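> Structure provided below as structure tokens; questions to follow.
The values are calculated or read from the model by the stated rules, or taken from the named source; none is laboratory data. As the structure is a computational prediction, the values presented were derived from the model and not from experiment. Because the Cβ atoms are built from the backbone with ideal geometry, glycine has one as well, and the counts that use them run over all protein chains shown. The protein model used for the area step is the full one, side chains on, heavy atoms only, and it has no ligands, DNA or RNA in it. Shrake-Rupley method; radii C 1.70, N 1.55, O 1.52, S 1.80 Å.
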Amino acid sequence: MTSSAHWDRVYRDKATTATSWYRPHLEVSLRMIGEACEIPAASIIDVGGGESTLADDLLARGCRDLTIVDIAEPALVRARARLGADAQRVRWITGDITTMALPDRQYDLWHDRAAFHFLTQSEQRAAYRRALLRAVRPGGHAVISTFGPTGPDRCSGLEIVRYDAASLAAEMGDAWELQRSELATHLTSSGVEQPFVHCRFRRCQPS
């Protein structure tokens, strides 16, 4: 089963609140985004955003330039339906961030909650880093969250890679300065605690 087929099936078979990653609001992400940029003036891309409520909360905070990317079209369909008329204020893109071509532009902030840790192959992670560098302007930011070092080793039936702040920073490479990290616990819909590491990076200015 291809990655897109896997995630299409997940979103067809499960209600929004039944997915393990569902959270009414992404509090840590919102705080880190607000620390990194002025939300109303910023160009923001949410990678693996699916039907996350981050879009709702960013729009409520005045965001005028928001792009949501996800591999699963059913997730984006559900998100657009939830937002109603506000969905027209968002650019929606279906695709795999490791193989797709993003629009030729540079964003102020890249957000990724729980997409990067599914990239178990070094080639996938290298492709992700290339997309990240193309997408974010020098001086811009990335807020990336993954399962922490004591988190599960599988999610939705797929293997994942766990990180702490240091190993995630090493994976991002010299182009990115780790500015803040935070460990937090996510409670799944079934009541299981999952440790997450949240990191805010700044893209270094070219020398």
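> Per 0.36 nm of contour for each residue apart, how much would the distance between residue 4 and residue 204 grow if the chain were fully extended, relative to their Cα-Cα spacing?
Roughly 68.7 nm would be gained on extension.
> Now, a different point. Only Cα pairs under 8 Å and at least 6 apart count here; give the relative contact order of the stretch 15-154 as a rounded whole percent.
24
> Calculated from DSSP H runs of 4 or more alone, at -39500 (n - 2.57) each and per residue, what is the 222 nm mean residue ellipticity of the chain, nearest 500?
-8500 deg cm²/dmol
> Continuing with this model, one more query. Arrange the peptides 72-79, 94-101, 119-126, 107-114 so that the one whose residues have, on average, the most other Cβ atoms within 10 Å appears first.
107-114, 72-79, 94-101, 119-126
> Tally Lys/Arg at +1 and Asp/Glu at -1 over every other residue whose Cβ is under 11 Å from the Cβ of residue 187; what's the total?
Within the 11 Å Cβ shell, the charges total 0.
> Over the chain, with the other protein chains present, what is the accessible area per residue in square angstrom, probe 1.4 angstrom?
For the chain, the solvent-accessible area averages 46 Å² per residue.
> To continue, here is another question. Using only Cα atoms, what Kirkwood radius does the stretch 19-94 have, in angstroms?
By the Kirkwood definition, the hydrodynamic radius is 12.4 Å.
> Over all directions, how big on average is the projection of the convex hull of the alpha-carbon atoms in the chain, in square nanometres?
One quarter of the hull surface, i.e. the mean projection, equals 10.7 nm².
> Hey, if we sort 13, 104 by accessible area with the 1.4 Å probe, largest down, what's the order?
104, 13
> While we're here: What is the Cα centroid distance between the stretch 74-147 and the stretch 1-73, reported in whole angstrom?
Centre-to-centre (Cα) distance: 9 Å.
> Rounded to the nearest 5, what % of the DSSP beta bridges within the chain are antiparallel ones?
Expressed as a percentage, antiparallel bridges in the chain total about 50.
> Turning to a different aspect of this structure: What does DSSP give for the stretch 102-162 in terms of the percent of beta bridges that are antiparallel, rounded to the nearest 5?
25
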